[in-house]
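**Q** Let me begin by handing over the structure; questions about it come next.
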Amino acid sequence: MSFQMSRKQWILSLTYGQIIIVVLTILNVFYPQYLSYWFMIFIAVMFVYMYFMMRSQLKHITSKEAKEIKTGRLLYKSKSDEIRQLQVRDKELVKELKPMMKYTFLSFIILIATFAWYPIYFGYAGKISSGADIATKIIVYLLGYETPYAFVMGTNLISRRGMQEVVQVLNSYEIYDKGLLGMGLTMKFPAGDVPYRVIANRSRKFVQFEEKKGKVTVKYRLYTKSVDRIIDILKRYGKLRNIKVEGGAKEDTI
């Protein structure tokens, strides 16, 4: 799970889902001949909706702030091979990712069940609603759409309440004298009063930015062999003073 929805995004998603379900039910009951056209519109709207939901994760590429940061001097660029090696060596990472992996697996099972639900249920729904009154038809089709939707949203809700922490490892990131860029993380220098708690761990080889999103703490993790070098950059160019340093002595070189 790369990111957690804010309360506003959660409400928007819930409202959008219910509107779609009501429209689909009305079409099934009163205008079945237009159902295929609506599905095409639904898919197009879904892509637009997903784009806006994911835009914050692509901020390091698309935003005006990111473009301004990239005009600065590049001070540090991550190495994908190095990041993978450090993740493998970090034994604590597996424990941290277990809750996320559990809910991701659960979401996958629900998704498979949902794909199986529609052809099975609606195969019978047509027979059940044939010749029935309007109220019965509405109930039959509402159940058909609401049941899988309830499972999906219920799983998401359990995930939101069950996970207190989400670790998001940045597989690539760049630090300029004007700021830091990575998936889901854009920070302009000097940082000033940022909403992040910054922790550097020398023994586990990462620098981490922690942000509270509702009741969940999202940890943006930058693995690197040059922990002290990044600390120095964050202090010198980012003007970040409250960096908590853990795990071992200072490196020989910065």
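**Q** Of all residues in the stretch 73-118, count the ones that are of a type in the set (V, I, T) and loosely packed, with under 11 Cβ neighbours inside 10 Å.
**A** Of all residues in the stretch 73-118, those of a type in the set (V, I, T) come to 83, 88, 94, 104, 109-110, 112, 114.
From the residues that got through so far, the ones that are loosely packed, with under 11 Cβ neighbours inside 10 Å too are 88, 112.
Residues in the stretch 73-118 being of a type in the set (V, I, T) and loosely packed, with under 11 Cβ neighbours inside 10 Å: 2 in total.
**Q** Out of the residues in the stretch 140-190 that are among the β-branched types (V, I, T), surrounded by 14 or more Cβ atoms within 10 Å (Cβ to Cβ) and in contact (Cβ under 8 Å) with a residue 40 or more places away in the chain, state the one that is nearest to A66 (Cα to Cα).
**A** Taking the candidates together, the pick is T186.
**Q** Please verify whether the stretch 208-229 includes one or more residues that are basic (K, R) and part of a helix (DSSP H, G or I).
**A** Residues of the stretch 208-229 that are basic (K, R), as a first pass: 212-213, 215, 219, 221, 225, 229.
Checking which are part of a helix (DSSP H, G or I) leaves us with 229.
The answer is yes; a qualifying residue exists.
**Q** Quick test for you: out of Y145, Y173, Y121, Y149, pick the one residue that is over 24 Å from L14 (Cβ atoms), modelled with pLDDT of 85 or more and of a type in the set (F, W, Y). Even if it seems obvious, please write down each step before you answer.
**A** Values: Y145 fails: over 24 Å from L14 (Cβ atoms); Y121 fails: over 24 Å from L14 (Cβ atoms); Y149 fails: over 24 Å from L14 (Cβ atoms).
Criteria check complete, one pass: Y173.
**Q** Looking only at residues that are surrounded by 11 or more Cβ atoms within 10 Å (Cβ to Cβ) and modelled with pLDDT of 70 or more in the stretch 1-18, which one is farthest from the chain's Cα centre (by Cα)?
**A** If we take residues in the stretch 1-18 being surrounded by 11 or more Cβ atoms within 10 Å (Cβ to Cβ) and modelled with pLDDT of 70 or more, then Q18 is farthest from the chain's Cα centre (by Cα).
**Q** A follow-up question, please. Can you find even one residue in the stretch 31-49 that is modelled with pLDDT of 85 or more and either loosely packed, with under 13 Cβ neighbours inside 10 Å or in a helix (DSSP H, G or I) (or both)?
**A** Going through the stretch 31-49, the residues modelled with pLDDT of 85 or more turn out to be 31.
From what's left, either loosely packed, with under 13 Cβ neighbours inside 10 Å or in a helix (DSSP H, G or I) (or both): 31.
Looking through the stretch 31-49, at least one residue is modelled with pLDDT of 85 or more and either loosely packed, with under 13 Cβ neighbours inside 10 Å or in a helix (DSSP H, G or I) (or both).
**Q** Let me ask something additional. Would it be correct to say that L240 is assigned to a loop (DSSP other than H, G, I, E, B), touching a residue at least 24 places away in the same chain (Cβ under 8 Å) and over 20 Å from S63 (Cα atoms)? Quick ask: steps written out before the conclusion?
**A** On the way: assigned to a loop (DSSP other than H, G, I, E, B): yes; touching a residue at least 24 places away in the same chain (Cβ under 8 Å): yes; over 20 Å from S63 (Cα atoms): yes.
Yes, satisfied.
**Q** Considering (1) free of Cβ contacts under 8 Å to residues at least 40 places away in the same chain; (2) of a type outside the set (F, W, Y); (3) in contact with a helix residue (DSSP H, G or I) (Cβ under 7 Å, 6 or more places away or on another chain), say which one L106 fails and leave the rest.
**A** (1)
**Q** Could you tell me whether any residue of the stretch 162-182 is touching a helix residue (DSSP H, G or I) at 6+ places or on another chain (Cβ under 9 Å) and in a helix (DSSP H, G or I)?
**A** Looking for residues that are touching a helix residue (DSSP H, G or I) at 6+ places or on another chain (Cβ under 9 Å) and in a helix (DSSP H, G or I), one finds at least one in the stretch 162-182, hence yes.
**Q** If you don't mind, there's one more thing I want to ask. Within the stretch 183-232, track down each residue that is within 23 Å of R73 (Cβ to Cβ), more than 24 Å from the chain's Cα centre (by Cα) and of a type outside the set (D, E).
**A** F189, P190, G192, K225, S226, V227, R229, I230, I231
**Q** Among the listed residues V207, V218, which satisfies the condition of being farther than 30 Å from L14 by Cα, in contact with a Lys or Arg (Cβ under 9 Å, 6 or more places away or on another chain) and crowded, with 16+ Cβ neighbours inside 10 Å? It would help to see each step written out before you state the result.
**A** Details: V218 fails: farther than 30 Å from L14 by Cα.
Exactly one of V207, V218 is farther than 30 Å from L14 by Cα, in contact with a Lys or Arg (Cβ under 9 Å, 6 or more places away or on another chain) and crowded, with 16+ Cβ neighbours inside 10 Å, namely V207.
**Q** Could you tell me whether the stretch 190-197 includes any residue that is part of a strand (DSSP E or B) and either of a type in the set (K, R) or more than 30 Å from L93 (Cβ to Cβ) (or both)? Explain how you work it out, then say what you get.
**A** Just the residues of the stretch 190-197 that are part of a strand (DSSP E or B), to begin with: 197.
Okay, now just the ones that are also either of a type in the set (K, R) or more than 30 Å from L93 (Cβ to Cβ) (or both), so 197.
Within the stretch 190-197, one or more residues are part of a strand (DSSP E or B) and either of a type in the set (K, R) or more than 30 Å from L93 (Cβ to Cβ) (or both).
The values are calculated or read from the model by the stated rules, or taken from the named source; none is laboratory data. Quantities reported herein were computed from a predicted structural model and do not represent experimental measurements. Note that each Cβ is placed from the backbone with ideal geometry, even for glycine, and that neighbours are counted across all protein chains shown.
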